[in-house]
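Comments concern the structure below.
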Amino acid sequence: MAYDEGHVALLRDDLIEEQPLVEKKMFGGLCFMLNGHMLCGVHKGGGMFRVGKDLEQDALRIEGAREMDFTKRRMPGFVEVSEALMEDDIRRQKMLDLAKAYIQTLAPK
């Protein structure tokens, strides 16, 4: 399995009231798109959140978060998170709050 279905279920529950929410398979995992923008996702070994450059340092202060370097290239504005963070309701919600705050600054696609 490329990613943990339990992590997918947690994010689905967390995002149940967010609309328009779309799930899209990409990067060997599953991404959640809000208003046409990538919000967060799951992949083997954890997940990722798009928090934007201005909120990235806040996100990196959360235990279990690190800079995202997909294919060995740093991706500013995105953070990668551990499985332990994905399973922790409080830390996962903090990440989602940062990601949603960023997405709300973008015009819907």
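The values are calculated or read from the model by the stated rules, or taken from the named source; none is laboratory data. Everything numeric in this text was worked out from a predicted model, so none of it was measured. As a convention, Cβ positions derive from the backbone with ideal geometry for all residues, glycine included, and neighbour counts pool all protein chains shown.
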### Task
Could you list, in sequence order, all residues of segment 8-30 that are modelled with pLDDT of 95 or more and touching a His at 6+ places or on another chain (Cβ under 9 Å)?
Leu30
### Message
Given (1) in contact (Cβ under 8 Å) with a residue 60 or more places away in the chain; (2) under 20 Å from Lys109 (Cα atoms); (3) polar (S, T, N, Q), identify the lone condition not met by Gln19.
### Response
(1)
#### Entry: Positions within segment 73-108 being assigned to a helix (DSSP H, G or I), among the small types (Gly, Ala, Ser) and touching a strand residue (DSSP E or B) at 6+ places or on another chain (Cβ under 8 Å), in sequence order
Ala99
### Query
Looking at segment 79-94, is at least one residue in contact (Cβ under 8 Å) with a residue 40 or more places away in the chain, of a type outside the set (Asp, Glu), more than 18 Å from Glu17 (Cβ to Cβ) and buried (at least 19 other Cβ atoms within 10 Å of the Cβ)?
yes
### Task
Out of Gly47, Gly29, Gly41, report the one residue that is closer than 20 Å to Thr71 by Cα, in contact (Cβ under 8 Å) with a residue 12 or more places away in the chain, touching a helix residue (DSSP H, G or I) at 6+ places or on another chain (Cβ under 6 Å) and buried (at least 18 other Cβ atoms within 10 Å of the Cβ).
Gly47
